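The values are calculated or read from the model by the stated rules, or taken from the named source; none is laboratory data. Fair warning: this is a prediction, and the values are worked out from it, not measured in the lab. Positions of Cβ are generated from backbone atoms using ideal geometry, with glycine treated the same way; all protein chains shown enter the neighbour counts. These accessible areas exclude ligands, DNA and RNA; they are computed on the full protein's heavy atoms, side chains included. Shrake-Rupley method; radii C 1.70, N 1.55, O 1.52, S 1.80 Å.
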Amino acid sequence: MLSIGEFSKICGVTTKTLRYYAEIGLMNPDEIHPENGYRYYSIKQLKKMLFINRLKSYHFSLDEIKAILEMEDDQSEEKLVSALLRKQREMYEKRNALDYTIKQLNHDLLKMEQGIPMMAYLDNIEVQLVETQPIHILSLRQMLTSDDYAKGYGKYFSKLYERVATEKLNLLGTPMTIYHSPEYNPAGNDTEFALPVAEAVMGTRDLPGGLCAKSVCKGPYSELTSVYARLREWVEKEGYELVRSPYEVYVTEPDHASVVTEVYFPVRKN
């Protein structure tokens, strides 16, 4: 048996952390002395502690690690592989996002060295006044938190595409999202996922046409806030007002090498 101090030293984990792991049921000492309360760990628990440390290094949360440790033995290997692959995808996504941020930072520094203000790029975002036609959409409307967006896009668009295939509907365009909430709320936003279709069936409605301020975002979705800010600025400056919820049309799929998103602000002259 190893004392908590010796176990701590071997595994590179503080005794405070080991006590916390015991509190949350992640890893309990093998033995607690009934008189003095000293905690002891067995040699075989070293492997478990190193496994926990390895999963932590892969950015698994303690709740995720606890769930992995509780897996049934007969399926644990398969489920572990699945969990590792999922975490691998998340880390690749984070790395790509960080690479893009570094590239953007380098670009801003270069522009500033040339005497160009960092936010001058907003003036280069083109805005057009266009007349859109009414379209028929098959849609699902949900309240989504900011954390739900990435999963929600795949989940709800998949459901819509399944209906299109099952009911043999005719698609008339690419996916779109309509944002109905009057303000941004991390706790939940009124979001409508839609596909333009030819047929009128249950779950479809008409999306009115009309005058729109339109801009195109070529790049990751993180750039959309800049496009929205530029559109709102243009609407105010040109004497228009927003009359319906803004919406996005995805010209390319999210995993496409070059993401292209059209943003529409339905407007009228003030």
Problem set entry | Residues satisfying the stated conditions in the range 1-43, i.e. over 16 Å from Ile65 (Cβ atoms), open to solvent by less than 40 Å² (accessible area, probe 1.4 Å) and among the β-branched types (Val, Ile, Thr) | Ile4
For this session: Filter the range 255-270 down to residues that are at pLDDT below 95 and within 20 Å of Pro196 (Cβ to Cβ) and give me whichever is surrounded by the fewest Cβ atoms within 10 Å (Cβ to Cβ).
Result: His256
Exercise. Among the residues of the range 44-80, how many are at pLDDT 90 or above and loosely packed, with under 13 Cβ neighbours inside 10 Å?
Worked result: 7
Problem set entry | Residue check, Gln142 in contact with a Phe, Trp or Tyr (Cβ under 7 Å, 6 or more places away or on another chain) and farther than 30 Å from Leu2 by Cα | yes
Seminar exercise, completed: Checked against (1) at pLDDT 95 or above; (2) open to solvent by 20 Å² or more (accessible area, probe 1.4 Å); (3) hydroxyl-bearing (Ser, Thr, Tyr), Thr252 satisfies every condition except (1)
Exercise. If you go through the range 1-43 one residue at a time, how many are touching a Lys or Arg at 6+ places or on another chain (Cβ under 8 Å), of a type in the set (A, V, I, L, M) and either modelled with pLDDT under 90 or outside any helix (DSSP H, G or I) (or both)?
Worked result: 4
Exercise. Somewhere in the range 200-217, is a residue open to solvent by less than 40 Å² (accessible area, probe 1.4 Å), closer than 22 Å to Gln104 by Cβ, in contact (Cβ under 8 Å) with a residue 24 or more places away in the chain and not in a strand (DSSP E or B)?
Worked result: no
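Each row is one residue, and each column tells you yes or no for (1) more than 22 Å from Val249 (Cβ to Cβ); (2) surrounded by 10 or more Cβ atoms within 10 Å (Cβ to Cβ); (3) touching a Leu at 6+ places or on another chain (Cβ under 9 Å); (4) of a type in the set (D, E, K, R).
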| position | (1), (2), (3), (4) |
| --- | --- |
| Lys87 | yes, yes, yes, yes |
| Thr101 | yes, yes, no, no |
| Asn106 | yes, yes, no, no |
| Leu110 | yes, yes, no, no |
| Gln128 | no, yes, no, no |
| Gln133 | no, no, no, no |
| Leu140 | no, yes, yes, no |
| Ser146 | no, yes, no, no |
| Tyr156 | no, yes, yes, no |
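Matching residues to (1) within 23 Å of the chain's Cα centre (by Cα); (2) within 30 Å of Lys94 (Cβ to Cβ); (3) of a type outside the set (Val, Ile, Thr); (4) surrounded by 12 or more Cβ atoms within 10 Å (Cβ to Cβ):
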residue: Leu160; (1), (2), (3), (4): yes, yes, yes, yes
residue: Pro182; (1), (2), (3), (4): yes, no, yes, no
residue: Gly188; (1), (2), (3), (4): yes, yes, yes, yes
residue: Pro196; (1), (2), (3), (4): no, no, yes, yes
residue: Arg232; (1), (2), (3), (4): no, yes, yes, yes
residue: Val235; (1), (2), (3), (4): no, no, no, yes
Exercise. In this structure, is Tyr121 in contact with a Pro (Cβ under 9 Å, 6 or more places away or on another chain), under 19 Å from Thr261 (Cα atoms) and modelled with pLDDT under 90?
Worked result: no
Exercise. Do the conditions hold for Val81, that is, is it part of a loop (DSSP other than H, G, I, E, B) and either out of contact with any helix residue (DSSP H, G or I) (no Cβ under 6 Å at 6 or more places or on another chain) or of a type in the set (Lys, Arg) (or both)?
Worked result: no
Problem set entry | Scan of the range 218-257 for residues that are part of a strand (DSSP E or B), farther than 22 Å from Thr101 by Cα and out of contact with any Asp or Glu (no Cβ under 9 Å at 6 or more places or on another chain), ordered by number | Tyr240, Glu241, Leu242
